[in-house]
Structure formats: C-alpha cells, structure tokens
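This report refers to the structure that appears directly beneath it.
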Amino acid sequence: MTWHWSSLSVVLAALLLSPLLLGIIPRVKAWFAGRQGQPLFQVYYDLAKLLGKGAVYSTTTTWVFRLGPLLSLSTIAASLLLLPMLEFPATLQFSGDFLLFVYLFAMARFFAILTAMDTGSSFEGMGASREAIFATLTEPALFLSLATLLKHNGTMSLSEVFLSAAPLTGTTMILIAFVLLIVLLAENCRVPVDDPTTHLELTMIHEVMVLDNSGPDLAFITYTASLKLWITSNILAQLLVAPFPEHGALLRPLLAFTTMVLLAMLVGVIESTIARLRLIYVPKLLVGASMLALLGFTIAR
Amino acid sequence: MEIFLIALFVLAVGGATALACSFNARLASWMGAGSAVIGCTLGLIPAVRSLTTEPLTWHSAWPLPYCSFSLKIDALAGFFLIVILGLSLLGALYGGEYLYGYARQRKLGTPWLSFNFLIIGMALTVAADNGLLFLLAWEVMTLSSFLLVIFEHEQAEVRSAGLTYLIAAHIGVAFLILVFLLLSEHASGSMDFAYFLQIHDLQSKTAGIIFFFSIIGFGTKAGFMPFHVWLPDAHPAAPSHVSAIMSGVMIKTGIYGILRILTFLGPPPPWWGGLLVNVGVVSGVLGVWFALAQHDLKRLLAYHSVENIGIIAMGLGIGLLGISYHLPTIAVLGLAGGLLHVMNHAIFKGLLFLGAGAVLQATHTREMDHLGGVGKKMPLTSVVFLIGAVAICGLPPLNGFISEFFIYWASFLGTMQFADSRIIFALAIIVALALIGGLAVACFSKAFSIVFLGEPRNQEHQHIHDPGVAMTIAMVFLAAMCFLVSILVLYCGLPLLGQTIHIVSKLELQQIEYQLAAIVPPLKGLFLISSVVLLSTTFLMLWRKYLLNKRQVGKAVTWDCGYLAPNARMQYTSSSYAQPLVDLNCYILRTRKDVQKPDGYFPQTARFLSHTLDTAMQKLYRPMFEVIARLFNKLMWLQHGYLHIYMLYLVITLLSLFVFYLGIK
Amino acid sequence: MYEWMDTCLVAILVLDLYILGTSRLIAVIQATIVQGMLLGILPLTVHSQETIHHWILSISVLLSNVFLMPYLAILLIRKVEIRREVEPFLEFTPSLMIGMAIAFISFWIAPYSQKILQLPQHFPRMLMPAAITTAMSGFIILATRRKAVTQVLGYLVMENGIYIWGLTLLDKMPLLVELGVILGIFMTVMVMATVCYRVYLRLGHVNVDELSNLKG
C-alpha cells in the first residue's frame, strides 16, 4: 500500500473542476444548434441554487431515500482517492485497487437505484430497472478493458497502468479507447444510451430516477454526476495521452486535462449528431463493446 | 474430541426429548432449540481448536462390514464445521421463535427432531473418516432435511418439492457410492479415509472418473447447474430457518465432499480445474439470471444459492488450475476465495433467508408482488435484509466483496500467467463475475425495494411488526458478521484458511503464508476507503441538516404526473422491474407469459401473468423421466397385487442370484 | 514488419462483428465496401517489393468488391424496397457473440494450423484468425438471415474470408485461380440478385423461408 500525499491536490482539483467539465457539454450542443448556450459555469450556479433551497420529501419514502444521495456521492468521491489522475499516481495505491474502484461505482449505483425505488413511483421504477440492465452490460466491457491494460503492463494496480513506461499503443489502444468511450457514455447516461435532457417515457433512465429529489439532495446527485464524468473521461484521457513522449512534469497533466475537455466536447458533438438508440438496441451496443474489448484483449501482445 | 461426541449426544437427546414433548409446543420448542444451541456451542470448541492444532481423531470399531466409527477433525473439516455449527446455532435460536408461530396448527416435536438430526448429519458428514460412515451421515442429513422440507405437507406443491428433492439426492448418492467403491478398490478394500490417503498407484483415467463422478454426486447436493433442479423447489418449501441452513450450509457439504475427494486423488490435471470453472460459470451466471426472473422471495434466494455455489466453484477451479500449472499465488488465492465464499455465503444467505422468514411470518406471503412498504413497519428487518443484500451483491466493504476480490485477483493473475489458450478460463471467470455482479445488483435492488420500499400493495399488511427477541438476535448477529469477516480475514486469515488450503493444495505452509500476506494491503485499503466513505457520508448528512435547518421541508405525495387516483398496485412490480434483463436471455429462461391486452375504448378486463419455470427441469429431466416412466410401464404386467406371486418373485430372484454366484465361483 | 497488415486485418475483424450485429442493410453494404477497400490494400502490404501480381489482384478486388458488387446490392435493395433485416433465425446479439467466439477460437487454433500448413514462422499473426472469422461470419449470415438480399451479402463476406485465406498462398497459387474465384462469386451475386428481383416482382417479398411455398 503506497501513499502519494501530493496527489491530494489533484483530488481537490477534481472536486473543484468537475462541474466545469459537465458544463462544457451543453455549451457544445448549443453551438451545434446555433445558440449562444448557457455559461460555462452554469453547473456551479445550479449547485449553489439547489443548496440554497428547501426540500420536499414524499410521504412514501423512508430513510433509504434520504441516505441514498449522500452515500452515492461519498462513494464516488472516495473512489477519487484510488484513481491516478492527470498523470499523477493515485493517492492510495495498492494491488487490486481497480477492483475496489469498480465496485465503489457499483455501490453508488445500487443506492441510486434504491433511492429511486423508494418513491414507489412506476416512472422511477422504470428508470431504475433500465439503469440496472445497462450497468450490468457495461461491467464486462469495463472489466475486459481493464484486463487488457493490466495484462499489457503486468501489474495489478491502476496507477502503474496509467503511469507505465511502456503504455499500450497501436490497434489495441484504439479498440480499448473506443470501448472506454462507450463505457463513458453509458456510465454518464449520455446519448446514444440515454438522453440527459429529458425524462419522457422513451428515455426514462437517469433523469427520471431523480424526479422526486429536491434541494440539497438534488445538488448532491448533480455533483455526483459531474464527478462520474470527470472520472470516466480522466481514465480515457490518460489512456490516450500515455503514448505521447515525455514532456516535463507540468505539460503532461495539462495535456491530460486538455484531452478531458476535448472528450467532454466530443460527448457534446456525439449528442448533437447522433440520435439516441432505441432501448432494445442499447444492449446490442453494450454487448458489442464487450466483444470489441475481448478482441482487444486477444490481439494485445 | 470427546466434546464433539458430547455435542452430538446432546443434539440427539434434545431432539428425542422434543419429540416426546410434542404435546406441549412451548416445551418442545425449548427442548429442541435449547439442545441445538447447546450442542452447536459445544461442537464449535473442537472445530475452532482443530484449525491450529493437530487433527483431532476418534476411532472405535463398529460391527458393520467396511465401516468403523472413525472421526477426524482436521483443518478442512474444522473450517466447514465452524460454518455449519455457527449457522445452525443461530438457526436454532431463530427457529425457536419462528416455529412456535406454527404451534396452533401442528405439533413441533418432529420438526425439532429432524432439525437436530440434520445438524448431526451435517457435522458427522464433515467429521467422518470412513467412507461408509460418511455415506450414512450423508443419508441422515438428506432424510432429516427431507422431513423438514415437507413440513407443510398438506400442500401438493410442497409434497412434490420434497419428492423431487428425495429423488435428486439419491441419484447423487448413487454416484457417491461409485466414487467410494472405486476408491476402496485401490485402497486394499478398506473404506477408511486413512487408507484412501495412501493411494498412490491411481491411473489418471481412474482418477478422472472418480473426480467426474464426485462432481455429479456432490454437485447434485451443492446445486451445480444442471443438477440444481431440486433446490429452487425444496428451499422455499422448508421453514425459513431450515431454508437458511439448507441454503447456507447443507449444500456446502457438497463442496466439502469435492475437496475431501481431491485430497485422495493426487495432483490434479488441468482439466479438473477447467471443468470446475466451466460448471461455476454456468451455475453462477444462469443461477442469478433465473433468480432475477422469480417473484417468490424465497425461491429467488434459492436460485441465488446456485449462483453463489457457482462462484465458489470458480474460485476452487482457478485454484486447481493454479496447482496444476505450479502457480502458487493463483492456487492459494483461488482456493482462499472459494473457501472464504463458503463461509461468507453461509453468513449472508442465512441472514437473507432469516429476513425473508420474518417477512413471511408477518405477512403470510412469499409473493413479492403482494408485498411492499414493509420497511416502514419492520424497520429492523429491512436494515438487516439490506445489509445481507449489499453483502451478496459483493459490494464493498462487506464480506461478499472480499471473497470475490480473491477470485478476481486470482483470475486477473491468470490472464497474465497462464499459457496461451488457458487464459480463456481466467477470462471466463472475470466476465462471469462482472456479469454476476451487475445481475446481483439488479436482483437484490429489486428484491429489497419491491418488498421493503414503496407503498404496501396489500391493505392487510398494515399491522405487521418486527419479530421478537430470539429472531432479532440471530439476524443482527449475522448482519454484524457481514462487517466483521473482513477484520477476521485481516487478523486471523492465516489460521483460518492456511491449514485448510494446505490440506487441499499440499503446498508448503510457509508458501501459503507468504501468498496470503499479499491480501493485507488491499484489505487495509478497503478499510481506509470505507472509513472515508463513512466520514464523508456523516459530514454530508450533518451539512444537509444544517442547510435544511431553518428552511421549509415539505411533505408531499410522490410525483404522479398529475394523475388523480394513483394506487399502490400501480407501482413497478418485481416482474416489470426484471423484464428487460429477463427478455435479454429469453432463449434459456423461457419465461411464460399469459397476456390479455386491454381492448376497445372502455377496456373491462386485462391481465398479465409471467412465470419462469426451471428450464433444466422442463427441457431435460421431465422428458427424460417421461421416457423412463414409459419404459417401466411396459413392466406393469409383473405387478398383480397378489402377495404370493411377489413371494415367488423373491424366491426366483434369490435362486438365480445363487446360481449366478455358483457360476462365478 | 507486418504492422500495417495486422491493423488492416483487425479492422476487417471489427467490421465482421459490425456486420453480424447490425440489422440495417445499407450499413451492412457500407461495411462490406470498407472491407473490400481494406482487402484491396492487403496484397500490397504482404511483401516489401510488390510485383505486378499484387497490383492486379489489388485492383481487381477493389473493382469487384468496392464498386461492382455493392453497387448491385444497393440497386437490389432499392428495387425490392427492403431497408432492414427483420426477425432473423438467430437474433443479432447472439450472432455477434458467436462471431466473437469464433474469432477467439480461431486465435487459439491459428498456431496449430500454421504448423500443419507449414507456413513460415514469422507469419502475420492476425491473418489466419481474420480469414477464419470473416469466412465464418459470412456463413453465419448466410445460414441465419431471412432476407435473400442479406444472404447475398453473406456470400460476399464469406468470399472476403476465403480471399484473405488465399493471401497466405499468394506465391503458390496462380493468379488466375484467385481471379476465377472472384469472378465466380460475382456471377453468383448477379444471378442471386436477378432471382431475388424476379421473386420480389412475383411474390412481393424476398423471405427465403417462404420460398418453399413454390414447390409443386
């Protein structure tokens, strides 16, 4: 078990900057639609507004509903400690940390689902059910990508994968990056898996799960979503940046952060140009992602 | 060792006394539960001691041919004994109160007698040091649990479940008898395990046959797919504390059997591990998928046992592969994961069945779609059930995560260290565990939220309440264990598992100690992260409280899109929640749907029924047994109903056997 | 040394999976066009010094697989007004998984078959698996899809696989044979297309399973 105390500064940066990343996407979509778009810092304003409001709780709900958003946020925030970010090693590094990392995500999801189900509404039940199925199908893709990366570097720790001297390159890297992009879109409930701008019947997934949350709880949920986007895009960015030659201590983190911003913009572009898949086709996409990851694993040397 | 025998004696006498006290339900409960608690406590002493010291043995002659009353509690037996007796103790405590709820309807003597003998059977199975004694104990275990399965025998489905169980169990035993006969043939005709251990001249083909038969024989008890068919019927039928014991520990005797046979067979060839991995992957993934499709709470839990047995098989399988390829890290981690999951599954599955029992006792239904909102009336039960659910999904920081962590770790190492094509086993485990993880989250978020959250779907469930003291203690203790196992592994991991792994893998103890030490940093990391989560949750809670302190906090109904007359039956049900995932695997699950769509402008009736039967039962066993029945029907002419003709048959059989015997001589 | 070739072959493999997983016919055709282009490049990456042999092969493949056959297929789906494959005998996701399983197995058996065929040691690693997977994907499509148009495309994919396989024997096999194969497939596609169109004109659909109704 290794500590890297200096990486706490990156964790702090993640906590502060992640809403910015979430704010980029609507802006890009606005450009595509020919609009001015909301300010880049809109998510910060939203969070401040929500934190300043009172709350309404449904009479159906129990303590699960009140605990869920808190627990989801704190598990996702805690997973930041395990993740190498912006080319810095993770704050806490040990063999097998990737398993804990992935399962912390599962934990957050479990409580998000319970929170939604606690309201007794069938809308939220529908969202929760779909969240469960898509998460189930995303997980093999994620694990196979991780297996490829770990095998390539012969290590059991995330930090050594992303700060490796001989990073993954070539065809395999492209395949794995593509798979991780799909994982990113699925985990963050983005088009083509989910449409984050509506909660109508056809797209009832993530937005509908939080219909009954209000005030600080909704702020926590929004903030959790921004952290998730930060984490997933960070993983992908580090994979993409890794093959670039060494450029000094400050340049590489900057490069990684720029890639993350570009990824957020890419998500915006995808949302503007691609239609959301019909629900029955989403499993096909996710299974396809797993298959590609398996192919990546097979051809990796 | 004497303490162990005394424990068995206490159990037997207590059971008999309970039977004698049948006339008074309270007395029978006290005698049965009390003796079981005392017996299990006594039995735990030698079990714990055996983990660190030399094996405890007991030997006395027995007039039966091939048989001797030899007992031996080594670390392998001790580990399983701890699990068995520990859960049985809590089960007895719980059962004392739970069964008393049936006092008005039936006598409680027989159930307690069978319960105590079930414990005796399991303990003797694990402690037996002789093949025949093992089989006898196995039979005691089967028959007593059969009696408990048909507890509510006036219901036709319970009777059929019991019959399925009895037949399946005995088909399994047939293979076990073959296994022991084959072994004794190579051990100079003796059935003693001590002789089995000295077998050296076993050909690889014979060893393979023995291993394969023991997979079928023990796998039937353990619930490997496709031998699991009895399990989803029998477990729900039994009283809940018995379900907990059957599901939590009785099926583990199958795992114990496989491990014990492995110690006799010498170094395993790779295909054994591969077979176990395959069996594990199939049982694991399909088990949880079938579980997802169920709407009977206890049946769902029963299918989850199939899944968890699959996880155990995966762990043992990758461990065996590690032994075959001389990769000690993988061997130790895989076996440790499998063994630990044996214990963990006993804890959380026991807990879940006990929780389901509490709900069943309060509401008198196992049908999830008739429940709902139970959490408000039974807060304690809902909390412990939630803990069990989190544990069985393998989510950190509870015990399920730790054993899956071991198995994952062994498999990821396997992807790096196995030669070319063997990687597929490691990959299969990773993909299967990832899928199982996701499906289990789906399944238990469904089970917990449909039963405990939302609004009651049935108005009669307004006056239910948490169970009494004894049941509560049992559940709370198991829930606490879900948290404590990780600490146990961190500080007593080696004494708990080291000797056991040594017996199975025959690796050096120092080697095992060295490999097991690798688990310490991740466990410490797990503790640290868990405490960070705990601290930040507390902080957020206090912060929210501060924020909401002087603001308006409203109460309202759940947002219903402006609909005027919502009612509780409009909530998402368990089948609607599971439908997308179930349909994804429609080839294998074969869910039957009975739909009557609403028709016209003012539809009068509409209904939707979905039912997922066991595909192995419907497509494999049912046709097979129908063919067998048809064949035997052709022998009906032998049956007349006249006693003297039957006597004639007997004489003819005896005579022909005699002639046959002479012919051989 | 074989880096470009391996990249091409991985791309071909990915396209196989895409073809197996998609229901839109136009997407399948587009994928076969891209696959055809990659196949065209492939002979040029085999050896360091290209011979006229390679160029002829490359150009003929580009002509037939990138232009002629897809053009025919597009013409056909316009004529018979089909846009997507519906209710195949084997659903798309399972066929995708089977395709991947075949790829996985072919990676496994490739070293053995190289030994049996006495191919050189430093042989492009991806060639054999890509060949087997592509041919088998074509076969899966041929065997499990309902529309005759899709089956035509299945033939095309299968031929692509055989062609990759043929590359391993490029030095030994006369060019004429290879060209003959391509021509044969081309003829098949044309005949099938004509038959399909005729059947469509007559019956109003091109579902192969209902062709049995035509029996006397």
Consider residue A:67 carefully, then state whether it is under 26 Å from residue B:541 (Cβ atoms) and at the interface with another protein chain (Cβ under 9 Å from one of its Cβ atoms).
-> yes
Checking residue B:211 against (1) part of a helix (DSSP H, G or I); (2) open to solvent by 20 Å² or more (accessible area, probe 1.4 Å), which single condition isn't satisfied?
-> (2)
Residue tally, condition crowded, with 24+ Cβ neighbours inside 10 Å and of a type in the set (A, V, I, L, M), over the range B:129-139 | 1
For residue B:395, indicate whether it is outside any helix (DSSP H, G or I) and without any contact (Cβ under 8 Å) to a residue 60 or more places away in the chain.
-> yes
Only one of A:58, A:79 is over 22 Å from the mean Cα position of the chain (by Cα), within 30 Å of residue B:454 (Cβ to Cβ) and either open to solvent by 30 Å² or more (accessible area, probe 1.4 Å) or among the small types (Gly, Ala, Ser) (or both), namely A:58
Picked from the range B:398-432 (must be in contact (Cβ under 8 Å) with a residue 40 or more places away in the chain and among the charged types (D, E, K, R)), the residue least open to solvent (accessible area, probe 1.4 Å) is B:404
Looking at (1) more than 9 Å from every other protein chain (Cβ to nearest Cβ); (2) hydrophobic (A, V, I, L, M, F, W, C); (3) surrounded by 24 or more Cβ atoms within 10 Å (Cβ to Cβ), find the lone condition where residue A:132 falls short.
-> (1)
Out of B:470, B:479, which single residue is of a type outside the set (S, T, N, Q) and out of contact with any Asp or Glu (no Cβ under 7 Å at 6 or more places or on another chain)?
-> B:479
Assess whether residue B:525 counts as being within 10 Å of chain A (Cβ to nearest Cβ) and in a helix (DSSP H, G or I).
-> yes
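Yes or no, residue by residue, for (1) at negative phi; (2) in contact with a Ser or Thr (Cβ under 9 Å, 6 or more places away or on another chain); (3) without any contact (Cβ under 8 Å) to a residue 12 or more places away in the chain:
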{"site": "B:488", "(1), (2), (3)": "yes, no, yes"}
{"site": "B:491", "(1), (2), (3)": "yes, no, yes"}
{"site": "B:505", "(1), (2), (3)": "yes, no, no"}
{"site": "B:532", "(1), (2), (3)": "yes, yes, yes"}
{"site": "B:554", "(1), (2), (3)": "yes, yes, yes"}
{"site": "B:569", "(1), (2), (3)": "yes, no, no"}
{"site": "B:592", "(1), (2), (3)": "yes, yes, no"}
{"site": "B:596", "(1), (2), (3)": "yes, yes, no"}
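Assess whether residue A:141 counts as being at the interface with chain B (Cβ under 7 Å from one of its Cβ atoms) and at pLDDT 90 or above.
When the stated conditions are applied, residue A:141 does not pass them.
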For residue A:211, state whether it is farther than 18 Å from residue A:291 by Cβ, more than 12 Å from chain B (Cβ to nearest Cβ) and either buried (at least 24 other Cβ atoms within 10 Å of the Cβ) or at pLDDT below 90 (or both).
-> no
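Somewhere in the range B:364-371, is a residue away from chain A (no Cβ under 14 Å), of a type outside the set (Val, Ile, Thr), part of a helix (DSSP H, G or I) and under 20 Å from residue B:294 (Cβ atoms)? Walk me through how you get there before you give the answer.
Filtering the range B:364-371 for residues away from chain A (no Cβ under 14 Å) gives B:364-367, B:370.
Now drop any that are not of a type outside the set (Val, Ile, Thr), which leaves B:364, B:366-367, B:370.
So of that shortlist, the ones also part of a helix (DSSP H, G or I) come out as B:370.
Cutting the leftovers down to under 20 Å from residue B:294 (Cβ atoms) gives us B:370.
Yes: the range B:364-371 contains one or more residues that are away from chain A (no Cβ under 14 Å), of a type outside the set (Val, Ile, Thr), part of a helix (DSSP H, G or I) and under 20 Å from residue B:294 (Cβ atoms).
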Quick one: count up the residues across the range B:457-500 that are at pLDDT 90 or above and open to solvent by less than 20 Å² (accessible area, probe 1.4 Å).
-> 6
Filter result for residue B:199 (outside any helix (DSSP H, G or I), assigned by TED's automatic domain parsing to the domain that holds residue B:67 and either more than 23 Å from residue B:624 (Cα to Cα) or of a type outside the set (Asp, Glu) (or both)) = yes
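For every residue, the table says whether it meets (1) out of contact with any helix residue (DSSP H, G or I) (no Cβ under 7 Å at 6 or more places or on another chain); (2) more than 26 Å from residue B:618 (Cβ to Cβ); (3) not in a helix (DSSP H, G or I); (4) not basic (Lys, Arg).
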{"site": "B:174", "(1), (2), (3), (4)": "yes, no, no, yes"}
{"site": "B:178", "(1), (2), (3), (4)": "no, yes, no, yes"}
{"site": "B:243", "(1), (2), (3), (4)": "no, no, no, yes"}
{"site": "B:256", "(1), (2), (3), (4)": "no, yes, no, yes"}
{"site": "B:266", "(1), (2), (3), (4)": "no, yes, yes, yes"}
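The rows are residues; the columns are (1) open to solvent by less than 40 Å² (accessible area, probe 1.4 Å); (2) under 27 Å from residue B:315 (Cα atoms).
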{"site": "B:156", "(1), (2)": "no, no"}
{"site": "B:173", "(1), (2)": "yes, yes"}
{"site": "B:177", "(1), (2)": "no, yes"}
{"site": "B:186", "(1), (2)": "no, no"}
{"site": "B:221", "(1), (2)": "yes, yes"}
(1) hydrophobic (A, V, I, L, M, F, W, C); (2) open to solvent by less than 20 Å² (accessible area, probe 1.4 Å); (3) out of contact with any Gly (no Cβ under 9 Å at 6 or more places or on another chain) all hold for residue B:40 apart from (3)
Where residues in the range A:252-301 are within 11 Å of another protein chain (Cβ to nearest Cβ) and of a type in the set (Val, Ile, Thr), which of them is surrounded by the fewest Cβ atoms within 10 Å (Cβ to Cβ)?
-> A:280
If you scan the range B:504-522, which residues turn out to be among the β-branched types (Val, Ile, Thr) and at the interface with chain A (Cβ under 9 Å from one of its Cβ atoms)?
-> B:519, B:520
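The values are calculated or read from the model by the stated rules, or taken from the named source; none is laboratory data. Fair warning: this is a prediction, and the values are worked out from it, not measured in the lab. Neighbour counts run over all protein chains shown; Cβ positions are idealised from the backbone, glycine included. Surface accessibility is based on the protein's heavy atoms, side chains included, excluding ligands, DNA and RNA. Shrake-Rupley method; radii C 1.70, N 1.55, O 1.52, S 1.80 Å.
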